[in-house]
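Worksheet: one structure, shown below.
The values are calculated or read from the model by the stated rules, or taken from the named source; none is laboratory data. All of these numbers come straight from a predicted model, not from anything done at the bench. We place every Cβ from the backbone using ideal geometry, glycine too, and count neighbours over all the protein chains shown.
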Amino acid sequence: MAKERMDGTWLAFWKAKSLSTGGKEVLIKWCNKDKPHAIHWLHWDLLCLSKPLGGLGFQDLEAFNSTLLAKHAWHFQVQKTGLLYQLFKAKYFPSASFLDTSLGSNPSWGWLSIWSTQALLCQGVYSLIGNGSSTHVWKDHWEILKVHISRWDKQDEVIWRPERSGRFSVRSAYKLAISMSNFAGASLLPCPWSSIWRCRTLSKVQRFLWCCCLHAAPVRVALLDRGCVVSPLCPRCGLQEESIVHLMFSCTHSLQKTILSSDFADALSLIYFCVWSIWKARNRLVFEGFLWQPEVVVKKAVASFWEFYDARSLRFSVQDDSVLNLVDLWCLPPSGIVKCNFDSSFYRPSLQGGGGAVFRDFREVVLQAVIFRPFSASSALEAEALVCQRAVLCAMRLGFSCLWSESDALVVVNGVTHRETCPLDIASICFDISRDQRVF
Ligand SMILES: [Zn+2]
């Protein structure tokens, strides 16, 4: 009912008058209606790419559908006792695995649908090496360089590589499907898309910058290219054609010098506000016949910048206060239990980790304090997990029979206690810790 109303004149009214650029984007994602007279600025497939790849992250229904089907194919990898798997296996791939099998002649519609996701599965399914016994070195996807080899006899595991937990998710599979589309490869422009979307500015400013980078901002040259009957001359100076480069950098009214002489800490953010302000001034001239002087344009950009900056600072200061309330104090363990506090450090330039641990009893007496030698690690998380492992081994050597460990690394602690939520890069370490700590 609501959708029908949105399809009618109300939708056109809202799109034109009420919604911000960001709001329109959301509305288009929800419901797109073709208009014969609308200008097609960019290819739909490009809009379906994720923002880091240069698109706007619009939903591609075909890719989404195949992602849902891929979920069934994933179950073929991890639930080989299921009835559905047994049926399909017996009929379509009795002597091969799902990832290797061909479609075969006379496939059923169900099999055709699931088989169509094979290429997607092949990209995402990996083997997490344990003892190596069930991994085929030449055929399977596997990775061992970053994996710590377990000291226990850990079995190989089928994992979904795009997800940090190693478990299949529709969200990560959809992203993978989009990145595999033909358009994704062809449209990877050398543009720092992420810096646009991460920049501290308003979403309408970000979207305008995105349009500029794709030559999709409606300046005169772009309008002419798309069949609109307009003069290509710049409406500000009337001397040259109006392209984005001309408008921002070479027009006689260009504000580069004024902008660059300003001394601001967050210069990039301010520049983006200035770009937005130039665009607004240009539109004011074209549609209302009103010319803003360069000083006014800069003033408006600076005012918007500070307004935005102040609003953000206020928000962050409120959050900081709430964080302080969460700080807990160290508390004593019960009698007979040794409490271990450990923490790690990580130095990214040399990929080195370090750390230490303190063991105290129920009277708060320090029984032992240790510092671990620097070791190689690929991330702060891995350093934290390795320090945890060393702390547990150290407690075993010192002969403590009952140990409580305490750390601020929630991911590692959860990884040891709930292995299914453990990130892949520390899975082997957490597995070993959980085995080692059984003595306590
Ligand atoms: Zn000009």
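Worth a mention:
- For the range 213-224, residues that are within 15 Å of the ligand (Cβ to nearest atom) and part of a loop (DSSP other than H, G, I, E, B) total 2.
This table checks each residue for (1) surrounded by 10 or more Cβ atoms within 10 Å (Cβ to Cβ); (2) out of contact with any Phe, Trp or Tyr (no Cβ under 7 Å at 6 or more places or on another chain); (3) modelled with pLDDT of 85 or more; (4) assigned to a loop (DSSP other than H, G, I, E, B).
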| residue | (1), (2), (3), (4) |
| --- | --- |
| W292 | yes, yes, yes, yes |
| V296 | yes, yes, yes, no |
| S304 | yes, no, yes, no |
| E307 | yes, yes, no, no |
| D321 | no, yes, no, no |
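- Among residues of the range 243-266 being at pLDDT below 75 and under 15 Å from V205 (Cβ atoms), the one that is nearest to the ligand (Cβ to nearest atom) is I259.
- Qualifying residue in the range 225-239 (condition: in contact (Cβ under 8 Å) with a residue 60 or more places away in the chain, assigned to a loop (DSSP other than H, G, I, E, B), touching a helix residue (DSSP H, G or I) at 6+ places or on another chain (Cβ under 8 Å) and within 16 Å of the ligand (Cβ to nearest atom)): no
- Scanning the range 58-89 for residues that are closer than 13 Å to L120 by Cα and either in contact with an Asp or Glu (Cβ under 9 Å, 6 or more places away or on another chain) or among the small types (G, A, S) (or both) returns A63, S66, A70, A73.
- Qualifying residue in the range 187-201 (condition: at pLDDT 85 or above and assigned to a loop (DSSP other than H, G, I, E, B)): no
- Residue count for the range 330-367, restricted to those that are touching a helix residue (DSSP H, G or I) at 6+ places or on another chain (Cβ under 6 Å) and among the polar types (S, T, N, Q): 1
- Some residue of the range 72-84 being assigned by TED's automatic domain parsing to the domain that holds D140, without any contact (Cβ under 8 Å) to a residue 60 or more places away in the chain, in contact with a Cys (Cβ under 7 Å, 6 or more places away or on another chain) and surrounded by 11 or more Cβ atoms within 10 Å (Cβ to Cβ): no
- Residue satisfying all of: in the range 342-363; closer than 18 Å to L398 by Cα and among the charged types (D, E, K, R); farthest from the chain's Cα centre (by Cα) among these: D361
Here is a yes/no grid of residues against (1) basic (K, R); (2) surrounded by fewer than 16 Cβ atoms within 10 Å (Cβ to Cβ); (3) modelled with pLDDT of 85 or more:
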| residue | (1), (2), (3) |
| --- | --- |
| F362 | no, yes, no |
| V366 | no, yes, yes |
| R373 | yes, yes, yes |
| E382 | no, no, yes |
| D425 | no, no, no |
